[in-house]
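Asks: Pasting a structure below so you can have a look.
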Amino acid sequence: MSSYETEKENLKKIAQYLEKEKVSYKWEDLSFYSGEKWPAIKTTYIYKDTKHTHKDYGFDLLIGNSEDWFEMKCLVLKTDQLTKDLRYDIYEWCLSLNFELWETTFSAFFEQIFVESDMPLNISYEDFKYELQALKKGIDLFIELVIQKACELSDTAGKLDVKKLKKRK
């Protein structure tokens, strides 16, 4: 199992890649149920809706390290205020998008929907850019579906509850 220091050192590579892409970020320690703390990088993905609301939306994006993998998780929707039927529709869209999109996964966790991407520790800068673009495409497609289905979209920036995340063993 990795130590805090090892995982932070591993994440410095991703921080350098984000800087090359001119993406601002901050370091954040994640607290888990066990009381352990682990390093992560937190940034905000900005979605610019040019078709419907003509607004910009910010979505929390968390990047962590688990053993031999980097994990990017973007909180795109909190489902606690949605009707049961709409929540099921959204889960169905997520499953469909999981099948249709490469390099991107949709997940639900504690009334939150995430778009995720995993990368090996030895990822090159070029491959990181590809993974980041794939994640952005997944986020954009999901948001487009949410807007089309008349579900109100709202920012998740600053709303990711890192205390509800747990470490993968």
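Asks: Tell me the angle of helix 84-100 to the major Cα principal axis of the chain, expressed in degrees between 0 and 90 and rounded to the nearest ten.
Replies: 60 degrees
Asks: Another question, then. Taking only Cα atoms, what is the 0 to 90° angle, nearest 10, from helix 4-20's long axis to the longest principal axis of the chain?
Replies: Once rounded, one gets 60 degrees.
Asks: Can you sort S31, S117, S3, S66 by how many other beta carbons sit within 10 Å, fewest first?
Replies: S3, S31, S66, S117
Asks: Any chance you could run the full-extension gain for D68 through Y88? It's 0.36 nm times the residue separation minus the Cα-Cα distance, nm to one decimal.
Replies: 3.9 nm
Asks: While we're on this one: Give me the percent relative contact order of the chain, please, defined on Cα pairs under 8 angstrom at least 6 residues apart.
Replies: Across the chain, relative contact order equals 23 percent.
Asks: Can you give the FRET efficiency to the nearest 0.05 for T6 and N98, using r as the Cβ-Cβ distance and R₀ = 30 Å?
Replies: Efficiency, rounded to the nearest 0.05: 0.45.
Asks: I want the local charge near S3. Using Cβ-Cβ distances under 12 Å, sum +1 for each Lys or Arg and -1 for each Asp or Glu among the other residues.
Replies: -3
Asks: Rounded to the nearest 500, what is the 222 nm mean residue ellipticity of the chain from helices alone, with -39500 (n - 2.57) per DSSP H run of 4+ residues and division by all residues?
Replies: -12000 deg cm²/dmol
Asks: Based only on other Cβ atoms within 10 Å, what is the fewest-to-most ordering of V115, V146, V76, V23?
Replies: With the fewest neighbours first, V115, V146, V76, V23 line up as V23, V146, V76, V115.
Taken together, the values in this text are just the output of simple stated rules run on the coordinates, not laboratory data. This structure is a prediction, so every number in the text was calculated from the model and none was measured. So basically every Cβ, Gly included, is an ideal-geometry build from the backbone, and we count neighbours across all protein chains shown.
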